[in-house]
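Here the structure is laid out as structure tokens; the discussion comes afterwards.
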Amino acid sequence: MGIFSKLFGTRNPVDSMKTEDLRFMEIKLNHKIEDLQAEVRTAENEITKLFEKAKAAKSKSEELSIARRIKTVSQRKEMKLAAQAKLDRELRAVSNMLILKEHQADLQATGVWEKVQKIEPEKLENWLISQNLEAQSRDSVVSSIIDMTSSTMLTGVEQEEDLDDILSAIRAVKDGDLDPGEAEEVVIESRDYRAKEDYE
């Protein structure tokens with residue numbers, strides 16, 4: 001369920017939402033996204049430090065323990081990134097709704113506003129998420145809204161982190177073949193390559 005559907009159910013947000021409310025939501029979403037970005041950076045720093053610590057690991061069990069901690073932090077980071085992606089979509093919908101309302105007079109003059117009012121909230125939100133109205137000229141915005149069609153949101157498939165990849169990266173860091181700051185990226189690339197091979 002999208003942000004507008006949650007707030008308004010079957011009522012159309014075009015009529016239900018005031019411009020002031022949308023601006024407040026936009027500010028609130030921006031703050032939440034900034035907080036999540038800071039948490040992601042903290043997790044990334046923690047992962048780098050754990051790879052640094054792994055350089056001094058004296059046993060396989062200690063390596064395994066650090067690998068598990070890296071996996072836990074990585075999963076936490078992925079959760080934060082997924083939450084941020086969701087908020088990014090909501091922010092796009094709210095920002096585009098603001099632009100749509102700013103062009104209300106033009107849309108009423110062309111008879112399109114009445115059609116927009118009849119669109120189901122979820123379909124309208126999906127369309128708003130798929131657009132970048134901010135980068136368009138006034139005429140382009142109006143044309144885009146006139147040509148409005150419902151779109152399908154694409155959602156990423158979450159992939160599992162493998163301890164073997166992390167352990168391999170730890171050993172590469174210990175051997176001096178890999179920089180701790182680059183270790184997580186190598187793990188991600190290895191995981192993505194394997195997923196691609198599985199798919200093929």
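Among all residue pairs at least 6 apart or on different chains, which show Cβ distances below 9 Å where the first residue, located in region 14-27, is exposed (fewer than 13 other Cβ atoms within 10 Å of the Cβ) and the second is among the acidic types (Asp, Glu) and part of a helix (DSSP H, G or I)?
The qualifying pairs are Thr19/Glu102.
Lys86 - would you say it is under 19 Å from Gly181 (Cα atoms) and part of a helix (DSSP H, G or I)? First the steps, then the outcome.
Values: under 19 Å from Gly181 (Cα atoms): no; part of a helix (DSSP H, G or I): yes.
When the stated conditions are applied, Lys86 does not pass them.
Please report, ordered by residue number, the helices (runs of 4 or more DSSP H) entirely within region 98-140 with at least 2 residues that are under 23 Å from the mean Cα position of the chain (by Cα) and modelled with pLDDT of 80 or more.
Qualifying helices (runs of 4 or more DSSP H): 121-130.
The values are calculated or read from the model by the stated rules, or taken from the named source; none is laboratory data. Please read all numbers here as calculations on a predicted model, not as lab measurements. Glycine gets a Cβ as well: all are built from the backbone with ideal geometry, and neighbour counts include every protein chain shown.
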